[in-house]
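What follows is a single structure, written as structure tokens, with notes after it.
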Amino acid sequence: MSARAQREAATIREEWLGLALSTRPCHRQAAEAAISELYLLAGFAPPRFHWAASPVTALATVPPGVRPRPDEPPERVQDWPVVKSLTRMAGELRGRVDAAVRGAHLELDQVVRREVHDPLSWTARRLVPVLEAAHDRPLRRTSWYEDVTAVAWQARHDALRRLGGVEVFSRAQKRQAHLWAVVARSCGWWWPRRDVCVLSERPAELRTEVCGEHGEVRLHHDGGPAVRFADGWDVHAWHGTRVPSWVTTDPSAERIGRERNVEVRRCAIERLGWAAYIEQAGLRLVAAAPDPGNPGFELRLYDVRAGTRVLLAVNGSVERDGRRRRYGLTVPWYFDDPIAAAGWTYGLSAGQYASLLRRT
């Protein structure tokens, strides 16, 4: 596949990524018209529509006149009758694309998957922390959030059509694909109940960072919320990990010491900076030694708490911003030698680690 095709594929990816990360106001009329037609295609009467300012409001608010249905439990969105039907419809469209690219268009599809579909799918999964915050619990993987309402599968078909002229749908299927595209361009997350469809406005602010070779992004902001909605509800994230607000706005060794979640502690220490954390926490330096796996940098071993020590090291490879990240690894209390502790993290002895040419 030519370099030109790869550049065009990247352009298509950026177009669809812009939709996934859009902070523009929703086009309510277009979204409602397209969703109403999708309901009809799924065998359901068009619903009433209820708009909310954020996902948490959408999930917490029962629209006027709506009684909760036993077959629509909030914790199992993927099992709602309308969701199941729409998921099946979208799956059939994806299946037609899969069948069409086998053989003649296989090379083109490999490029499209690498440059368009897979980066967008990866990014969609990194936006799930917003929905987990709205649900107030971790979510197991669900095709509704990560496949159907995400743009990856639509972008794949769009790229195949624009780059290779691949047309696989019947007239009716083209109409359905068009409706899905209209919804993606018109609104954010939505929840199709049998009688009412609840939709969330897009965020007023969304901050991400690029973290992959093909444009993948994840939520990140080091000075406030990564996602903020017009009603004030927000989500804080540090390099893709959802964290309490204090981690990004006011980290301290005292708060880190009280935090039980190891991932949140790691993020807070990185936000504060290891030098500041070591000073504030009063960590005792056990030993330091040149890092044989990373020439020019040191391994430093500190006491953290009873039964635990931390090995402070510098990443062997350069980050996207040109810097080398400093990170800490928890090691057993009995290590007094930083080199032995570093070897332990790789499953190596001190001598084996010392003989490394360079780690990454």
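The values are calculated or read from the model by the stated rules, or taken from the named source; none is laboratory data. Worth saying up front: this structure is predicted, and the values here are computed from it rather than measured. So basically every Cβ, Gly included, is an ideal-geometry build from the backbone, and we count neighbours across all protein chains shown. We work out accessible area using only protein heavy atoms, side chains counted, and drop any ligands, DNA or RNA first. Shrake-Rupley method; radii C 1.70, N 1.55, O 1.52, S 1.80 Å.
For the range 293-307: of the residues being more than 20 Å from residue 325 (Cβ to Cβ) and either of a type in the set (Phe, Trp, Tyr) or modelled with pLDDT under 85 (or both), which is least open to solvent (accessible area, probe 1.4 Å)?
Residues of the range 293-307 that are more than 20 Å from residue 325 (Cβ to Cβ), as a first pass: 303, 305-307.
Still in the running and either of a type in the set (Phe, Trp, Tyr) or modelled with pLDDT under 85 (or both): 305-307.
Values: 305: 116, 306: 103, 307: 47 Å².
In this case the residue turns out to be 307.
Among the listed residues 140, 94, 88, 125, which satisfies the condition of being within 13 Å of the chain's Cα centre (by Cα), closer than 29 Å to residue 198 by Cα and either part of a helix (DSSP H, G or I) or not hydrophobic (A, V, I, L, M, F, W, C) (or both)? Break it down stepwise before answering.
Numbers: 140 fails: within 13 Å of the chain's Cα centre (by Cα); 94 fails: within 13 Å of the chain's Cα centre (by Cα); 88 fails: within 13 Å of the chain's Cα centre (by Cα).
125 is the lone residue from the list that is within 13 Å of the chain's Cα centre (by Cα), closer than 29 Å to residue 198 by Cα and either part of a helix (DSSP H, G or I) or not hydrophobic (A, V, I, L, M, F, W, C) (or both).
Suppose we filter the range 97-107 for residues that are touching a helix residue (DSSP H, G or I) at 6+ places or on another chain (Cβ under 7 Å) and not in a helix (DSSP H, G or I); how many remain? Break it down into steps so the answer makes sense when it comes.
Step one: list which residues in the range 97-107 are touching a helix residue (DSSP H, G or I) at 6+ places or on another chain (Cβ under 7 Å), which gives 97, 101, 105.
With the extra rule that they be not in a helix (DSSP H, G or I), the set shrinks to 105.
Counting residues in the range 97-107 that are touching a helix residue (DSSP H, G or I) at 6+ places or on another chain (Cβ under 7 Å) and not in a helix (DSSP H, G or I) gives 1.
Would you call residue 345 open to solvent by 70 Å² or more (accessible area, probe 1.4 Å), touching a residue at least 12 places away in the same chain (Cβ under 8 Å) and hydroxyl-bearing (Ser, Thr, Tyr)? Step through it out loud before you land on a result.
On the way: open to solvent by 70 Å² or more (accessible area, probe 1.4 Å): no; touching a residue at least 12 places away in the same chain (Cβ under 8 Å): yes; hydroxyl-bearing (Ser, Thr, Tyr): yes.
No, not satisfied.
Here are 310, 264, 331: which of them is in contact with a strand residue (DSSP E or B) (Cβ under 7 Å, 6 or more places away or on another chain), without any contact (Cβ under 8 Å) to a residue 24 or more places away in the chain and open to solvent by less than 30 Å² (accessible area, probe 1.4 Å)?
Numbers: 310 fails: without any contact (Cβ under 8 Å) to a residue 24 or more places away in the chain; 331 fails: without any contact (Cβ under 8 Å) to a residue 24 or more places away in the chain.
The unique qualifying residue is 264.
Can you tell me how many residues in the range 155-173 are outside any loop (DSSP other than H, G, I, E, B) and within 23 Å of residue 111 (Cα to Cα)? Walk me through how you get there before you give the answer.
The first filter runs over the range 155-173 and keeps only residues outside any loop (DSSP other than H, G, I, E, B), leaving 155-164, 171-173.
Adding the requirement that they be within 23 Å of residue 111 (Cα to Cα) leaves 155-164.
Of the residues in that region, 10 qualify.
In the list 221, 135, which residue meets the criterion of being touching a strand residue (DSSP E or B) at 6+ places or on another chain (Cβ under 8 Å) and open to solvent by less than 50 Å² (accessible area, probe 1.4 Å)?
Values: 135 fails: touching a strand residue (DSSP E or B) at 6+ places or on another chain (Cβ under 8 Å).
Exactly one residue qualifies, and that residue is 221.
Any idea which of 112, 83 is in contact with a Lys or Arg (Cβ under 6 Å, 6 or more places away or on another chain), part of a helix (DSSP H, G or I), buried (at least 19 other Cβ atoms within 10 Å of the Cβ) and of a type outside the set (Asp, Glu)? Don't jump to the end; show me each part of the working.
Details: 83 fails: in contact with a Lys or Arg (Cβ under 6 Å, 6 or more places away or on another chain).
Testing whether each residue is in contact with a Lys or Arg (Cβ under 6 Å, 6 or more places away or on another chain), part of a helix (DSSP H, G or I), buried (at least 19 other Cβ atoms within 10 Å of the Cβ) and of a type outside the set (Asp, Glu) leaves just 112.
For residues that are open to solvent by less than 30 Å² (accessible area, probe 1.4 Å), assigned to a helix (DSSP H, G or I) and of a type in the set (A, V, I, L, M, F, W, C), tally how many sit in the range 275-292.
Step one: of the range 275-292, the residues open to solvent by less than 30 Å² (accessible area, probe 1.4 Å) are 277-278, 283, 287, 289, 291.
When the remaining residues are screened for being assigned to a helix (DSSP H, G or I), the result is 277-278.
If we keep only those that are of a type in the set (A, V, I, L, M, F, W, C) too, we end up with 278.
Qualifying residue count, the range 275-292: 1.
Can you find even one residue in the range 250-259 that is in a loop (DSSP other than H, G, I, E, B), in contact with an Asp or Glu (Cβ under 9 Å, 6 or more places away or on another chain), modelled with pLDDT under 95 and open to solvent by less than 60 Å² (accessible area, probe 1.4 Å)?
Checked against the condition, which is being in a loop (DSSP other than H, G, I, E, B), in contact with an Asp or Glu (Cβ under 9 Å, 6 or more places away or on another chain), modelled with pLDDT under 95 and open to solvent by less than 60 Å² (accessible area, probe 1.4 Å), the range 250-259 yields no hits at all.
Exactly one of (1) at pLDDT 90 or above; (2) out of contact with any Ser or Thr (no Cβ under 6 Å at 6 or more places or on another chain) is unmet by residue 315. Its number?
That leaves (1) as the condition not met.
Residue by residue through the range 8-29, note down the ones that are farther than 11 Å from residue 116 by Cα, more than 19 Å from the chain's Cα centre (by Cα) and either open to solvent by 30 Å² or more (accessible area, probe 1.4 Å) or modelled with pLDDT under 95 (or both).
Taking the range 8-29 and keeping what is farther than 11 Å from residue 116 by Cα, we get 18-29.
Imposing the further condition that a residue be more than 19 Å from the chain's Cα centre (by Cα) reduces the set to 24-29.
Matches in the range 8-29: 24, 25, 27, 28, 29.
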